[in-house]
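The values are calculated or read from the model by the stated rules, or taken from the named source; none is laboratory data. None of the values given here were measured: they were computed from a predicted structure. When we count neighbours, we look across all protein chains shown, and the Cβ atoms used for this are built from the backbone with ideal geometry, even at glycine.
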Amino acid sequence: MKLRLPLLTTGTLLFLTGSAVSQDTPDPKPSVELPKITYPDPVTEAQKEAVEKHREGAQNLAGEQDELAADVQDLIEEQTDEKLIALLEEVEEVMAEVIDSLDETNTGGPTIAAETEIIEKIFEAAKQRSQQSGGT
C-alpha cells in the first residue's frame, strides 16, 4: 500500500496561494491513544523484499515531506498575519516529526495521525489566509 498523504499536503499548500475557502473547519477530535503494533521479523525472501520496499518507500516519503517543510518555511517568511504564521509554524513542527518517523520506517497509526494533523492545520491556515484576502 502506497501512502499518498504528501501529495495531498502539496495540493493543500498550493491552495494557500489560491482562492477562498467556503467550508467550516470540523470540530477538533479528542486525542486518541493509538496502540503500537509490533510485527514479526521477515522470514521468507518475499517478506524481506516487502520490508525493503516499504523502507525505501517510507524514506522517499520522508524526502518529499522534507521538501514540503521547506515550502512551508518559504510561506512563513512571506506572511505578515501572526495567526497564520503560528499555524504554519505548527505545520512545520509536525512535518519535522513525520520526517523522523518516516526515516525510521514508522508508517503506522501515529504517523498517519500526524499527517492528518498537518492537513487539518494547513486547511486552517488556508481559511485564515482566505479571511485575510477578504474571501468567504
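Taken over the stretch 10-36, residues that are at pLDDT below 55 and either part of a helix (DSSP H, G or I) or basic (Lys, Arg) (or both) amount to 6.
How many of the residues making up the stretch 42-99 are charged (D, E, K, R), within 18 Å of residue 111 (Cβ to Cβ) and in contact (Cβ under 8 Å) with a residue 40 or more places away in the chain? Residues in the stretch 42-99 being charged (D, E, K, R), within 18 Å of residue 111 (Cβ to Cβ) and in contact (Cβ under 8 Å) with a residue 40 or more places away in the chain: 2 in total. Of all residues in the stretch 80-136, none satisfies the criterion of being among the β-branched types (Val, Ile, Thr), in contact with an Asp or Glu (Cβ under 7 Å, 6 or more places away or on another chain) and farther than 30 Å from residue 39 by Cα. Taking each residue of the stretch 109-129 that is closer than 19 Å to residue 76 by Cα and looking for partners that are among the basic types (Lys, Arg) with beta-carbon atoms closer than 8 Å, six or more apart or interchain, yields 128/83. Within the bounds of the stretch 115-129, is there any residue that is at pLDDT below 95, farther than 30 Å from residue 51 by Cα, among the polar types (S, T, N, Q) and exposed (fewer than 15 other Cβ atoms within 10 Å of the Cβ)? No, the stretch 115-129 contains no residue that is at pLDDT below 95, farther than 30 Å from residue 51 by Cα, among the polar types (S, T, N, Q) and exposed (fewer than 15 other Cβ atoms within 10 Å of the Cβ).
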